[in-house]
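Below is one structure; the comments refer to it alone.
The values are calculated or read from the model by the stated rules, or taken from the named source; none is laboratory data. Since the structure is predicted, the reported quantities are computational estimates derived from the model, not experimental observations. Backbone-built Cβ (ideal geometry, glycine too); neighbour counts: all protein chains shown.
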Amino acid sequence: MRNMFLRLIILNVLVTIFIDAINYSDTHDYDAYGIRVISTEHFVALAQNDALQYQVSMAPFGPEYVCNYNYNSSNEFIINLAVGRRQNASQLSFVYLKTKSTDGYHQTLGVFTFSRVNQSSNDTCDPTIKISEGSSDVKVWNREPSEMSTLQVDLDGNYAYGFLSKRIFIYDIKNRSVQDLEWKNLFPSLNIEPHALDIGETSDGFSIAIVAGYYEVDVQKTLSALYLLRLDPPYNMTLMDNYTFSSDNQKYFRSRYTSTYQYNYVMSVSIHDPTQQVLVAIPQLSQTYLFAFNSTALMLINTFNHSARSTAWLDEDGILAGFLLGNTPTLPWAQSRLEIVNLSASDVLYVYPNNQQTIEQWSITPPTFLRLITTYDYQIGILTSDGTVLLVSAADAGYYVTTDDINNSRPSQQMCPDGTYKSTRGLVPCTICPTMTRSSSARGLMNKMNCIACSSDSFCPLASISDLNTSFIQSASQAYAYPTSSASSSFDDILMQNTFTLDNSTRRCLLISPLFWSLIILIVPCIVLIIMGGLSYLPARKKHIRRLQCIFRHTDLIGNGELWFGGLISFSIILLIIYNFWFGSVFANIYPIEAGKIAYFSCDTSLLNAQFTSSLQLLATIKSNEEEPIFDMLDQQEFTMTVNLFQTSFTCDNIATQENVGTYSVTLAHDNCSRQADNATLTVSYRVPYHQIDIQINLTGSHYIGGALICLAGPRLTSNDSTYIVQEMNYCSIFSTFDQTLAETTIIDFSLTKVINRTEVLDYSGLMNYTGIWIPTSTHGALSDRVAYAQRGAFLRYLSTQQTLVVSFTETPFFVMNKQEPVSRYGEILFHNVLFTTTVIGIFALVFLIFKLTLIPRREKNIEFFTMSSNLNISKTTTLLLIDVQKALRNEEYWGGNRCTPNLEENITKLLTRFRQLSLPVIHVKHDSINPSSPLHPSNVGNEIEDYAQALSTNNEPVLHKSVNSAFIGTDLDKRLRQQGTSVLIIVGFTTNHCCETTARMAGNLGFSVLFVRDAIATFDRHFQGKTIKSDDVHFNTLANLNEEFATIVTTEEVIQTIDKL
């Protein structure tokens, strides 16, 4: 036990020594101990300890703007670099803090100066170091190194400040003097390990420093904290405010980790000078904080749940910021990501890298992002773990540019992909076009700066690239409902219903009714009775009466030849019997329904000699020898699957298809692949060799898919004797959402069900017929990533590099058996026909017997028909007068709006059609306004008569022209009416309270009877003294004024019913 305890103590000491040890020999670590990349609007500098040089990149960057300056010694290790954010083009220098890479005891502070070739503000740096340039050491400390150090220069490059574990130094750059200070002397109550520093200036002119670090609570515990220091150059500073951080998950940190360099314990402080805001990133708390500050206080504004290790401001307004998340990958490009955040909305707008602004891969392992900087035009620089500074460049509107090494040749701008646009210059990637808009198919810059509206009948989800008419994207299904048996499943019921039903709904039903013709034949005895009654008064004609009676007795079926009257009735019975046998023969021949024959012999043409049953059965049940072949043929039918991808820029070269077999996959080749003429549809087809298969279509690229139409086709199969038929398959199903693109991974499952139709024969000697068909039904998961975008951010759609469509086919464990059999077969029909004959004769005989025994004369009841009386006095000379039915009246707003009588066009058409059918007179009146600005002026299109009311020259329909309200003024209307003998005038048209009313009043005064058709006349709202009188009120007021004084108010239906009696 003692040995175990000693081992634990030794292990703990070793771990502590290992953690606390400072090792400056790892020159490939660009993140350890300090910040070695800096930037201004004019240059970016990187200390490359592994290459023993400073790499300076001058704006606008590129290989011709790079200078590499070697260290003075191969033993140097640069810990920190710093530069003032507002240093101008002539201040080409930066401050460094370095040490020896062996022990770290000799720490040196200095300034590095360089120059331009021609001293021009837009020229490159001079690779040659002059005598007064290069490294200039101003202070060397020979003491125990401080592992945690921060270094920053004030805005204008006058003073450099270093905050170490126990010390602070202030470097007066112009006077080249350094002042050492002790933490305990300046701030006795503070014991902190500084991890991040930035220097800014308040609106009232004070220079301030904001320091983030870990405050020691006791030997083992520390708290993350933020300090606001007011700087009083050259060598004074005052602590003004502080803030202690904590989170729900963590509050304290172990001192052994916070006092040494650890990758996950870095911090970041970024000051935004114009708005006096500061971003503080603490990855260990998985949060980034936004503060406002002044010369005396810190104010927390917001907290963001982003585990950023470096931040940067990206606009003048303090709204956009970059958060570098070191441990959040954006594969396949990087192990980290840069999020562009709208601070006011707490929303991630986009992410770098993305599928447009990609990173060229220099090694097998994607790089990790370490630090974030900004340069001119708010372009972003990212220091990676392999010592490369990536430049995220701004691109012009309509373009994007890939991300590359800041020292490489600038990649050329690329036009926005189809389905996207970019309206302004900047760092942002191209954005997908909104729903019901599309990118232009034409080439050119302007066509990628904005999206254009789609047609209303187009399929245009997000990222659309063309107008695709929805009529070309149609589903197709063969899953028709199997017919249901009629209510009458007995031939007797069907025969009785068709024999003794008198349906007068149509002329055809009446003429094919046997009962109708039987009644016609029964009228003959009545006529004969009258004739014979008249002959009985003529003695010379009695011999003719006796001869007729003899003939009729021989035809008496019901009275056994006893009564001549029975012979007359027997003709009706013979007709019914003949109909009975004829009906049975044609009824049998309309079987089966596949014959497509119509029951022309019945009033109900849908009558079928078939009854149907359907059942669901397990495939596992044993099949009969007669059924087995149709199942085998269905299993042998091969499918062709055609996949149409709409609103996509994918091409055939982007497709790789595989068949998933368990945990393995094999390549599956497509039969055909092509892009359609609309340049927005990709069509690819596959042979589906069997009915249970998983097909995965992988489309590589950053394009989108608006929707998919998947079609299945299979050939028709027929047995040698045509007894077994597998129907041709023709199925299509659409998979899309109206306002989203397809999900990055879309899974669609097709379940195939066998449907067997068995048709029995009319006689028992034949073989049954079988037809079969596959009926697919589809299910699918989420068709879009809407939920992911809503919860995690819409930027995710710009990270996709592949679309995957998985189509699975399975067969259901059951099948549908549909059975069709005749209601009656030949033998059964014949039997029922004979039975019907004897029944009819027996019934008539019974009735005759009752009549004969009772001797009660039968009296027919008189049927009184009531017809609708009418006082409309319509005759053949009644004239239909159409007033102002002109196209200008379509413009409702011009005439007052809110037209009444919505069925006016339909009712005028009805009246006009009926008058023309009966060759009744029709006169058209057209208003020719004398006001050139009026829509009714002859020079305007609105003056034309509506198409539905055009006058027919073949029908001798005159068109009269007026320019005032009354149709009688300025026309020969009165003369025409009197010449053709018109006494009744029917008025329709526009408008109720103007031309129609004026004409009606004048017609009444002239002695004509006026019928004012209220549902074929219309008017509009009237406006007077700021008030609106509704069109219905105006209309009905006119009707009330005219009624029973100048006109009779009628409806279209009343007029039509009256003229139909002419």
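Okay, here's what the table says:
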{"read-out": "Restricting region 170-198 to residues that are in contact with a Ser or Thr (Cβ under 7 Å, 6 or more places away or on another chain) and farther than 19 Å from Ser255 by Cα, the residue that is surrounded by the fewest Cβ atoms within 10 Å (Cβ to Cβ)", "value": "Asp198"}
{"read-out": "Within region 610-624, tally of residues that are among the hydroxyl-bearing types (Ser, Thr, Tyr), within 16 Å of Met768 (Cα to Cα) and assigned to a strand (DSSP E or B)", "value": "1"}
{"read-out": "Any hit, region 109-126, residues being within 30 Å of Thr260 (Cβ to Cβ), in a loop (DSSP other than H, G, I, E, B) and at pLDDT below 90", "value": "no"}
{"read-out": "Single residue of region 925-973 satisfying the filter (assigned to a loop (DSSP other than H, G, I, E, B), aliphatic (A, V, I, L, M) and closer than 20 Å to Glu905 by Cα) that is modelled with the lowest pLDDT", "value": "Leu952"}
{"read-out": "Residue within region 113-121 that is closer than 21 Å to Thr375 by Cα, touching a strand residue (DSSP E or B) at 6+ places or on another chain (Cβ under 7 Å) and outside the structural domain of Gln48 (by TED's automatic domain parsing) present", "value": "no"}
{"read-out": "Lone unmet requirement of (1) in a loop (DSSP other than H, G, I, E, B); (2) within 30 Å of Asp347 (Cα to Cα); (3) at pLDDT 85 or above for Pro234", "value": "(2)"}
{"read-out": "Hits in region 243-286 - residues which are farther than 18 Å from Asn327 by Cβ, more than 49 Å from the chain's Cα centre (by Cα) and surrounded by fewer than 17 Cβ atoms within 10 Å (Cβ to Cβ)", "value": "Tyr252, Arg254, Arg256"}
{"read-out": "Residue match in region 419-441 (condition: closer than 25 Å to Cys67 by Cα and polar (S, T, N, Q))", "value": "no"}
{"read-out": "Enumeration of residues in region 98-157 that are of a type outside the set (Ser, Thr, Tyr), under 60 Å from the mean Cα position of the chain (by Cα) and farther than 26 Å from Ile199 by Cα", "value": "Arg116, Val117, Asn118, Gln119, Asn122, Asp123, Cys125, Asp126, Pro127"}
{"read-out": "Among (1) more than 30 Å from Ile705 (Cβ to Cβ); (2) modelled with pLDDT of 80 or more; (3) β-branched (Val, Ile, Thr), the one test that Thr837 misses", "value": "(2)"}
{"read-out": "Counted residues, region 470-526 - those being within 30 Å of Ile734 (Cα to Cα) and either of a type in the set (Phe, Trp, Tyr) or out of contact with any helix residue (DSSP H, G or I) (no Cβ under 7 Å at 6 or more places or on another chain) (or both)", "value": "14"}
{"read-out": "Residue tally, condition under 51 Å from the mean Cα position of the chain (by Cα), surrounded by 15 or more Cβ atoms within 10 Å (Cβ to Cβ), on the phi < 0 side of the Ramachandran plot and not in a helix (DSSP H, G or I), over region 898-924", "value": "3"}
{"read-out": "Some residue of region 305-321 being farther than 24 Å from Glu41 by Cα, part of a strand (DSSP E or B) and of a type outside the set (D, E, K, R)", "value": "no"}
{"read-out": "Lone qualifier among Thr779, Thr838, Thr810 - being part of a strand (DSSP E or B), surrounded by fewer than 16 Cβ atoms within 10 Å (Cβ to Cβ) and free of Cβ contacts under 8 Å to residues at least 60 places away in the same chain", "value": "Thr779"}
{"read-out": "Hits in region 199-221 (condition: touching a strand residue (DSSP E or B) at 6+ places or on another chain (Cβ under 9 Å) and surrounded by fewer than 22 Cβ atoms within 10 Å (Cβ to Cβ))", "value": "Glu201, Thr202, Phe206, Ser207, Tyr215, Glu216, Val217, Gln220, Lys221"}
{"read-out": "Of residues in region 119-159 being among the hydroxyl-bearing types (Ser, Thr, Tyr) and surrounded by 15 or more Cβ atoms within 10 Å (Cβ to Cβ), the one nearest to Leu81 (Cα to Cα)", "value": "Thr150"}
{"read-out": "Pair list, Cβ < 9 Å and 6+ apart or interchain, from region 754-765 residues that are without any contact (Cβ under 8 Å) to a residue 24 or more places away in the chain and farther than 30 Å from Pro776 by Cβ to residues that are of a type outside the set (Lys, Arg) and surrounded by fewer than 18 Cβ atoms within 10 Å (Cβ to Cβ)", "value": "Val761/Leu767; Val761/Met768"}
{"read-out": "Among the candidates Leu645, Leu607, Leu634, residue that is under 38 Å from the mean Cα position of the chain (by Cα), aliphatic (A, V, I, L, M) and more than 22 Å from Thr771 (Cβ to Cβ)", "value": "Leu645"}
{"read-out": "Residue in region 672-707 that is surrounded by the fewest Cβ atoms within 10 Å (Cβ to Cβ), counting only those that are without any contact (Cβ under 8 Å) to a residue 24 or more places away in the chain and of a type in the set (Gly, Ala, Ser)", "value": "Ala677"}
{"read-out": "Restricting region 576-598 to residues that are of a type in the set (Gly, Ala, Ser) and crowded, with 19+ Cβ neighbours inside 10 Å, the residue that is nearest to Ser722 (Cα to Cα)", "value": "Ala588"}
{"read-out": "Lone unmet requirement of (1) within 30 Å of Thr470 (Cα to Cα); (2) hydrophobic (A, V, I, L, M, F, W, C); (3) at pLDDT below 90 for Val761", "value": "(1)"}
{"read-out": "Within region 625-703, strands (runs of 3 or more DSSP E) holding 2 or more residues that are β-branched (Val, Ile, Thr)", "value": "639-646, 655-661, 664-667, 681-688, 693-700"}
{"read-out": "Filter pass, Ser224 being closer than 27 Å to Ser336 by Cβ and surrounded by fewer than 15 Cβ atoms within 10 Å (Cβ to Cβ)", "value": "no"}
{"read-out": "Contacts under 6 angstrom Cβ, first residue in region 486-510 being among the charged types (D, E, K, R), partner in a loop (DSSP other than H, G, I, E, B), 6 or more apart", "value": "Asp503/Cys603"}
{"read-out": "Of all residues in region 959-992 being over 27 Å from Trp895 (Cα atoms), in contact with a strand residue (DSSP E or B) (Cβ under 9 Å, 6 or more places away or on another chain) and in contact (Cβ under 8 Å) with a residue 24 or more places away in the chain, the one that is surrounded by the fewest Cβ atoms within 10 Å (Cβ to Cβ)", "value": "Gln980"}
{"read-out": "Failed item, numbered, when Gly398 is tested on (1) surrounded by 18 or more Cβ atoms within 10 Å (Cβ to Cβ); (2) over 25 Å from Ala59 (Cα atoms)", "value": "(2)"}
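Conditions (1) assigned by TED's automatic domain parsing to the domain that holds Thr124; (2) surrounded by fewer than 22 Cβ atoms within 10 Å (Cβ to Cβ); (3) over 28 Å from Ser268 (Cα atoms); (4) within 38 Å of the chain's Cα centre (by Cα), marked per residue:
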| site | (1), (2), (3), (4) |
| --- | --- |
| Ile364 | no, yes, yes, no |
| Phe369 | no, no, no, yes |
| Thr375 | no, yes, no, no |
| Leu383 | no, no, no, no |
| Asp386 | no, yes, no, no |
| Thr403 | no, no, no, yes |
| Ile406 | no, no, no, no |
| Ser412 | no, yes, yes, yes |
